[in-house]
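See below for the structure under consideration.
The values are calculated or read from the model by the stated rules, or taken from the named source; none is laboratory data. Bear in mind the structure is a predicted one, so any value in this text is a computation, not a measurement. Using ideal geometry, Cβ is built from the backbone for each residue, glycine included, and neighbour counts are taken over all protein chains shown.
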Amino acid sequence: MNRRTVIKMLGTAIPTLYLSKFSHGQGNWVKVPFRPDWVSLENYRVPDWFRDAKFGIWAHWGPQCQPERGDWYARGMYEEGSDQYNYHLQTYGHPSQFGFKDVINEWKAEQWDAEQLMDLYARTGAQYFMALANHHDNLDLYNSSHHQWNSTKVGPKKDIVAGWERAAKKRGMRFGVSVHAAHAWTWYETAQRSDKNGPRKGVPYDGKLKESEGKGTWWQGMDPQVLYAQNHPLSKDSEDGHSIHRQWHWDVSTGVNVPTKDYCENFRDRTVELIDNYRPDIVYFDDTALPLWPISEVGLQIAAHFYNENQKWNGGKLQAVINGKILDEQQRKCMVWDIERGQSNRIEPEPWQTCTCIGAWHYDRRIYDKGLYKSAKTVIHMLVDVVSKNGNLLLSVPLRGDGSLDDKARRVVEGIADWMQVNSEAIIGSRPWHVFGEGPAQEDAPELKAQGFNEGKGKPFTADDIRFTTKGKDLFATVLGIPDNNTVTIKSLGKASSMKKNIKSVQVLGLKENASFAQHEEYLHVTLPKDLTTNDIGIVIKIT
């Protein structure tokens, strides 16, 4: 169907502007260019590369990793009496004298080697890599002409995003950037406080400093207000640490202080420049729906710009992905739904993503010392479960402040790589089956609420739990453990099942010898080869 035929079918009521170019996706013609509104963004179709990818690695790494004291350090260090506040006092000094801007100055990333790390990540079979472009701490980790507080001018004085981009694309991985800075306006309100007790009672923290006060300091000529964005009244109940969560949606009825037009437009300009200069395949927003929605339309403007530009880069074919959280039904048509540290309990009709970390989002030395990282087994079980439900897994691997990967995290990544090198056929490029699985774990699966966080709340997976994926005429049954008696029973493939298959052969991935099987009325019985040797993570049975 060409443009002339489409115009004839649709008539003349639709402006020619929106018929000037077409892209075909999932069997439907899609009007472009996209406009910055939800109705236009509904024309989005998830590209096949993302549907095939299934697994991505994320470097959620920035200056908040420098203290190695866990998530949201740049906020928590200003909360008097908190763990991070006390740690900051002992390590750096009082936040009226040594604020987060000074932590940024300490961050040099001297051990960061993007090429070496990407070699390891590529071994896992990950099809895409996500780089942190900025966090709520408001430091851009790329060369930004719209924001003086960026990693090429302060801290490591390196273009972090550019280094990740080169390394990922060199290895044929899709490249993504995660953008979190829209919330700096309220997130940093703790920096406006002062101690209520002790020798520095009433002395303001550095969140209200101005450029004129920097004479003779390392930050002379820099404006702390551009970083902290705290020249505004506090939100309602700002002293309550939980208010930030209630006000995350920018719902004015919660008493959140609404950012200025200049703040919103600057965020837009920074993000558009990031998209234009680094040409990511994915943009992950740590926001409800889109950044600053509904108090501003800049998020919609960014989304439309990204989709339109991406089509230009790809010869008219839309290859872009935007991740957003807590989406309504309309918004799930406009982008890819991301569930943080949790997952759905059904096969979702549209592709989606779980994002999680083997430790804390920002490096926490205590997790390393106590050996509390997720194991490779836990990660693989999560990956298999998510993929069986039409999802992808984006896994953050913590890096130390200096940019190095510690030995325990490396072992987890290597364990994932070892399993995937044998079994990735059941993961990469697969699609869900009629049912996602069977076994006791799904009977006690935790309910999904809000943006996620139901991870690890259900029964652990065992060899009695099976998850299904398909590829062409092959069905893959991944057993989430190693059966004690070398046999596997699959109830979904009994002769009496409505989902039975005409089975020609059964094979365990990684072994040349086929497994023997017998199809009974109530189940398929598979006898595994006697010389089966594998790790304790699980095995994949390929049914042709």
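Scanning the range 109-119 for residues that are in a loop (DSSP other than H, G, I, E, B) and free of Cβ contacts under 8 Å to residues at least 24 places away in the same chain turns up nothing. Within this structure, Gly494 fails the test of being touching a helix residue (DSSP H, G or I) at 6+ places or on another chain (Cβ under 9 Å) and buried (at least 16 other Cβ atoms within 10 Å of the Cβ). Here Val258 meets the list (1) of a type in the set (A, V, I, L, M); (2) closer than 17 Å to Arg193 by Cβ; (3) in a loop (DSSP other than H, G, I, E, B) almost entirely, failing just condition (2).
Give the residues of the range 340-393 that are surrounded by fewer than 19 Cβ atoms within 10 Å (Cβ to Cβ), among the small types (Gly, Ala, Ser) and under 22 Å from Ser424 (Cα atoms), sorted by residue number. The answer is Ser375, and nothing else.
Table: residues versus (1) in the same structural domain as Asn310 (by TED's automatic domain parsing); (2) hydrophobic (A, V, I, L, M, F, W, C); (3) part of a helix (DSSP H, G or I); (4) modelled with pLDDT of 95 or more.
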{"residue": "Ile104", "(1), (2), (3), (4)": "yes, yes, yes, yes"}
{"residue": "Tyr121", "(1), (2), (3), (4)": "yes, no, yes, yes"}
{"residue": "Met130", "(1), (2), (3), (4)": "yes, yes, no, yes"}
{"residue": "Asn138", "(1), (2), (3), (4)": "yes, no, no, yes"}
{"residue": "Gly155", "(1), (2), (3), (4)": "yes, no, no, yes"}
{"residue": "Ala162", "(1), (2), (3), (4)": "yes, yes, yes, yes"}
{"residue": "Trp187", "(1), (2), (3), (4)": "no, yes, yes, yes"}
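Residue count for the range 85-94, restricted to those that are in contact with a strand residue (DSSP E or B) (Cβ under 9 Å, 6 or more places away or on another chain) and assigned to a loop (DSSP other than H, G, I, E, B): 1. Give the range 380-400 a look and list any residue that's in a loop (DSSP other than H, G, I, E, B) and either of a type in the set (D, E, K, R) or under 18 Å from Arg346 (Cβ atoms) (or both), or say none. Within the range 380-400, Ser388, Lys389, Asn390, Arg400 qualify.
Among the residues of the range 196-216, those that are under 24 Å from Ile244 (Cα atoms) and surrounded by fewer than 19 Cβ atoms within 10 Å (Cβ to Cβ) comprise Lys196, Asn197, Gly202, Val203, Pro204, Lys208. The residues on offer are Gly316, Gly324, and the sole one that is surrounded by fewer than 16 Cβ atoms within 10 Å (Cβ to Cβ) and in contact (Cβ under 8 Å) with a residue 12 or more places away in the chain is Gly316.
Beta carbons closer than 7 Å, at least 6 apart along the sequence or on distinct chains, pair a first residue in the range 200-217 that is aliphatic (A, V, I, L, M) with a second that is part of a strand (DSSP E or B) for Val203/Ser194; Val203/Asp195. Residues in the range 30-85 that are among the aliphatic types (A, V, I, L, M) and crowded, with 23+ Cβ neighbours inside 10 Å: Ala53, Ile57, Ala59, Ala74, Met77.
Among strands (runs of 3 or more DSSP E) entirely within the range 457-544, having at least 1 residues that are in contact with a Ser or Thr (Cβ under 7 Å, 6 or more places away or on another chain), among the charged types (D, E, K, R) and within 19 Å of Ala426 (Cβ to Cβ) singles out 466-471, 474-479.
The condition of being more than 28 Å from Val46 (Cα to Cα), modelled with pLDDT of 95 or more and either outside any helix (DSSP H, G or I) or not assigned by TED's automatic domain parsing to the domain that holds Asp52 (or both) holds for Gly403. When the range 282-326 is filtered for residues that are more than 12 Å from Arg268 (Cβ to Cβ) and assigned to a helix (DSSP H, G or I), the ones remaining, listed by number, are Tyr307, Asn308, Glu309, Asn310, Gln311, Lys312, Trp313.
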